[in-house]
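One structure below.
Bear in mind these aren't lab numbers, they're just calculated from the coordinates by the rules spelled out. Given the structure is predicted, the values throughout are model-derived calculations rather than measurements. Note that we place each Cβ from the backbone using ideal geometry, even for glycine, and neighbour counts take in every protein chain shown.
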Amino acid sequence: MTRVTELPDAEHLLSGNRACAGCGIGTGLRAITKALDGRMVLVNPASCLTVLGGMYPISSLDVPWVNVAFPSTAASAAGVRAGLRALGRDGEMTVLAMAGDGGTADIGIQALSGAAERNDDFIYVCYDNEAYMNTGTQRSGSTPAGARTTTTMAGKRENPKDVPAIMEAHGVPYVASTSAAFPTDVYDKVVRAREMSGLRYIHMNTPCPSGWSFDPKDSISIGKLAVDAGVVVLYEIVDGVFRLTGRSKSLAKAGLQVPVAEYVAGQGRFKTLGEAELAGVQRWVEERWSAYVARDAAGQR
Ligand SMILES: Cc1ncc(C[n+]2csc(CCOP(=O)(O)OP(=O)(O)O)c2C)c(N)n1
Ligand code: SF4
Ligand SMILES: [Mg+2]
């Protein structure tokens, strides 16, 4: 695994942007742009990422990017790739589609499914802050059970949609789950994806101080707690072979380090979560975790 001190020095996400203090998107995007060495076109729809980028003609990124309509990210990325091919510039840069969880799990899923079925040639990163944050924290298909949003005032009832599993079912060559709290895990996965072709899907958890209600200084520690509790799991599936990575790989031997109760305690969005609901979430996490550990062991045989 790459160490932080081994990451490339070049910065493509410039200092100063319009995201909230402590926003996980910036941490993750910084690692992604380093992994692509700045040779990329970013395609993104309306979201907090658009806000982070700034308004034309100002940009906080030193790479070209295209803002597209909310449901069309994957279709637009496929179009950008086709355009580069037509210009004879196909090998020059990676096309990176990057959208939020609302733009991926809900409104953009038909375009993403179509692109996955065609195995279109780009990397798609869903950064998951677990709600529609840019418009003021509405519930998405990726919001966890028990989380309070402006459209689930008593806490959401349903568990989140498993988008990486949906993408795996399409048979795409690369699927990964990562967290902005582990920038080297993000970096290594984007490097691996960069070296492959076809549709490569990466799901990146990005803590959101404003929407989750915690102190911005705790962004990384909350992201790490999510992994230690098994709420977020770091893994990759390369040509159908599953393996846990980084911190989650260590936890396969050591066992989950903290109960879900400890993870939710520091976040205001879970303040309506009752004991019975919490026990339900804990069971759901443990069942998922056991399945991941079993798949990891099977993949190594
Ligand atoms: C078709 C359409 N519907 C609704 C909107 C309003 N809108 C802009 S950003 C956004 C929220 C996006 O949520 P998500 O994709 O999770 O990204 P986040 O804001 O959380 O970063 C919404 C609903 C829009 N721009 N276009
Ligand atoms: S609302 Fe959340 S995701 Fe959006 S910029 Fe602020 S911290 Fe980042
Ligand atoms: Mg979101």
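Axis angle, to the nearest 10 degrees, between helix 183-194 and the longest C-alpha principal axis of the chain: 40 degrees.
For the chain, modelled as a GNM whose springs connect Cα atoms under 10 angstrom apart, the maximal fluctuation among 37, 90, 120 occurs at 90. Couplings for segment 123-140, taken from phi via the Karplus curve 6.51 cos²θ - 1.76 cosθ + 1.60 with θ = phi - 60°, read 9, 10, 10, 9, 8, 10, 9, 6, 4, 7, 7, 4, 9, x, 6, 9, 4, 10 Hz in order; Gly and Pro are left as x.
Modelled spin-label separation between residue 119 and residue 213, with each label point placed 7 Å from Cα along the Cα-to-Cβ direction: 4.7 nm. Given segment 22-299, what whole percent of its Cα pairs are spread farther than 30 Å? Counting every Cα pair in segment 22-299, those more than 30 Å apart make up 25 percent. Between the beta carbons of residue 18 and residue 297, assuming R0 = 51 Å, the FRET efficiency works out to 0.70 to the nearest 0.05. Going from the residue with the fewest nearby Cβ atoms within 10 Å to the one with the most, 201, 187 rank 187, 201. Ellipticity at 222 nm from helices only: DSSP H runs of n ≥ 4 in the chain, each -39500 (n - 2.57), divided by the residue count, give -11500 deg cm²/dmol.
The simple Förster model, with R0 at 22 Å and r as the Cβ-Cβ distance, assigns residue 55 and residue 89 a FRET efficiency of 0.20. Under the criterion of Cα pairs below 8 Å and six or more residues apart, the relative contact order for the chain equals 18 percent. Footprinting exposure proxy ranking of 32, 220, 58, fewest other C-beta atoms within 10 angstrom first, gives 58, 220, 32.
Our estimate of slack between residue 153 and residue 276, defined as 0.36 nm per intervening residue step minus the Cα-Cα distance, is 42.5 nm. Straight-line cross-link partners of residue 161 among the aspartates and glutamates, defined as a Cα under 14 Å from its Cα and at least 8 positions apart when in the same chain: 101, 106, 128, 130.
A DSSP coil position with no more than 10 other Cβ atoms inside 10 Å describes none of the GluC sites (Glu not before Pro) in segment 207-275.
Amide H contacts of residue 65 (H built 1.01 Å from N, in plane; Pro and chain starts excluded): 42 sit under 5 Å, all sequence-distant by 5 or more or on other chains.
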